[in-house]
Amino acid sequence: QTWHKACFHCEVCKMMLTVNNFVSHEKKPYCQVHNPKNNAFTSVFETPININAKKLSEVVSE
């Protein structure tokens, strides 16, 4: 598939990609972090900071 330079971004996080840093899966471009073939795939929201914030909000809610 052919992409415009400005349209070539990760399907998950929308990071701009180049031919050197992308992974293709089912004809869609992904960055290395969001590669669906990678077993360590997590959503952008599952960062350590956000996990801690969620835990803190649960404690405050109790």
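The values are calculated or read from the model by the stated rules, or taken from the named source; none is laboratory data. As the structure is a computational prediction, the values presented were derived from the model and not from experiment. A quick note on method: Cβ atoms are made from the backbone with ideal geometry, for glycine too, and the neighbour counts reach across all protein chains shown.
Selection over segment 15-27 of residues that are assigned to a loop (DSSP other than H, G, I, E, B) and more than 14 Å from Trp3 (Cα to Cα) gives a count of 4. Within segment 14-50, the set of residues being at pLDDT below 75, loosely packed, with under 11 Cβ neighbours inside 10 Å and out of contact with any His (no Cβ under 9 Å at 6 or more places or on another chain) comprises Asn39, Ala40, Phe45, Glu46, Pro48, Ile49. Restricting attention to segment 51-62, the residues that are among the acidic types (Asp, Glu) and at pLDDT 65 or above total 1. Scanning segment 2-13 for residues that are more than 12 Å from the chain's Cα centre (by Cα) and among the hydrophobic types (A, V, I, L, M, F, W, C), we see that the one that is modelled with the lowest pLDDT is Trp3. In segment 9-36, the residues that are of a type in the set (Asp, Glu) form Cβ pairs under 8 Å with partners that are surrounded by 12 or more Cβ atoms within 10 Å (Cβ to Cβ) and outside any loop (DSSP other than H, G, I, E, B), at six or more places apart or across chains, as follows: Glu11/Lys28; Glu11/Pro29; Glu11/Tyr30.
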